[in-house]
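The values are calculated or read from the model by the stated rules, or taken from the named source; none is laboratory data. The structure presented is a predicted model; accordingly, all values stated were derived computationally and were not measured. Every residue, glycine as well, gets a Cβ built from its backbone with ideal geometry; the counts of neighbours run over all protein chains shown.
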Amino acid sequence: MKRSSRRLQSPVAIRATAFAALATLSLAIMALFAAASAQAQVNSANVSAVYYPGGHFIRVGPRQWQERGDNGARFQFEELGPDESAMYLLDRSRNVQIALDVSARVILYSHNNEPFRQLYQITAMEAAGQQQQQQTQSETHTVAFSCNEGIPLVVRFVNSASESLAFVSHDSFPEVRLQIAPSGSGSRYVGGGYELHTKGDTAIITINGTQDICTRQ
């Protein structure tokens with residue numbers, strides 16, 4: 001009778017393979033629990049950043065929040081405080097209230113004290129401690145505008161958990177660094193004799209008192 005050339009694994013090899021598979025499974029389970037724990041730590045009292053398709057809300061100071069759209073739009077909010085499920089924000093310039101409902105993972109909107117309605121689904125959230133770990137990280141995006149007589153305006157927005165900046169190049173001149181400033185509506189940046197006010201697709205750039213109106217390309 002012909003002997004099979006197939007070798008049987010030794011008991012030691014079988015145990016080693018089983019232990020390796022068990023270790024891999026344990027690491028995968030630990031990673032899932034870590035991710036779930038991080039999300040579970042976010043509640044209405046400690047939430048510091050909420051993301052939705054197209055932008056996010058982020059705490060930028062004591063009781064101060066900012067909405068940052070991916071299109072460059074910026075809106076300032078003051079913190080009204082949390083209840084058991086949501087953090088409430090107010091933009092007094094537009095009489096707009098926002099409820100960041102972390103329990104239901106939705107963002108609610110109210111204008112002129114009307115009943116809240118759903119505005120966005122929440123795609124991600126951060127608690128205060130998680131945000132502090134990411135303070136060194138920043139996001140940058142560049143927006144091009146066309147001003148009067150076709151003069152180009154290029155704005156490079158740089159945002160982090162601690163500050164919001166705009167680097168402005170008007171008519172192909174070197175960039176000027178501007179810092180965000182209080183604004184009644186939209187976003188306003190100032191510095192070096194420049195003032196930039198953006199709202200939607202419109203930007204108004206004022207240089208040493210001379211104003212130019214620009215439209216996003």
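Residues are listed down the side, and each one gets a yes or a no for (1) surrounded by fewer than 18 Cβ atoms within 10 Å (Cβ to Cβ); (2) part of a loop (DSSP other than H, G, I, E, B); (3) under 25 Å from the mean Cα position of the chain (by Cα):
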| site | (1), (2), (3) |
| --- | --- |
| Ala166 | no, no, yes |
| Ser169 | yes, no, yes |
| Gly184 | yes, yes, yes |
| Cys214 | no, no, no |
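Residues in region 141-155 that are modelled with pLDDT of 90 or more, within 14 Å of Ser187 (Cβ to Cβ) and not aliphatic (A, V, I, L, M): 1 in all. Listed by first and then second residue, the pairs linking a residue in region 168-181 that is touching a residue at least 60 places away in the same chain (Cβ under 8 Å) to a residue that is in a loop (DSSP other than H, G, I, E, B) and surrounded by fewer than 16 Cβ atoms within 10 Å (Cβ to Cβ), with Cβ atoms under 9 Å apart and 6 or more places separating them unless they lie on different chains, are Ile180/Glu163.
For region 74-90, taking the residues that are touching a residue at least 40 places away in the same chain (Cβ under 8 Å) and closer than 18 Å to Ser103 by Cα, the one that is farthest from the chain's Cα centre (by Cα) is identified as Glu84. In this structure, is Gly72 crowded, with 18+ Cβ neighbours inside 10 Å, modelled with pLDDT under 90, out of contact with any Leu (no Cβ under 6 Å at 6 or more places or on another chain) and not assigned by TED's automatic domain parsing to the domain that holds Ser185? Answer is yes for this residue. Specify the residue that is surrounded by the most Cβ atoms within 10 Å (Cβ to Cβ); the eligible residues are those in region 186-212 that are part of a loop (DSSP other than H, G, I, E, B) and more than 21 Å from the chain's Cα centre (by Cα). Restricting to residues being part of a loop (DSSP other than H, G, I, E, B) and more than 21 Å from the chain's Cα centre (by Cα), the top hit is Gly192. Of the residues screened, Thr123 is not one that is assigned by TED's automatic domain parsing to the domain that holds Ser183, among the β-branched types (Val, Ile, Thr) and either surrounded by fewer than 20 Cβ atoms within 10 Å (Cβ to Cβ) or at positive phi (or both).
Only one of Ser162, Ser93 is in contact with a Gly (Cβ under 7 Å, 6 or more places away or on another chain), at pLDDT below 95, under 24 Å from Ala181 (Cα atoms) and not in a strand (DSSP E or B); which?
Ser93
Just for region 53-69: of the residues that are more than 19 Å from Tyr120 (Cα to Cα) and without any contact (Cβ under 8 Å) to a residue 60 or more places away in the chain, which one is surrounded by the fewest Cβ atoms within 10 Å (Cβ to Cβ)? If we take residues in region 53-69 being more than 19 Å from Tyr120 (Cα to Cα) and without any contact (Cβ under 8 Å) to a residue 60 or more places away in the chain, then Pro62 is surrounded by the fewest Cβ atoms within 10 Å (Cβ to Cβ).
Table: residues versus (1) in contact with a Lys or Arg (Cβ under 9 Å, 6 or more places away or on another chain); (2) more than 24 Å from Lys199 (Cα to Cα).
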| residue | (1), (2) |
| --- | --- |
| Ala73 | yes, no |
| Gly81 | yes, yes |
| Ala86 | no, yes |
| Val96 | no, no |
| Val102 | no, yes |
| Val106 | no, yes |
| Tyr109 | yes, no |
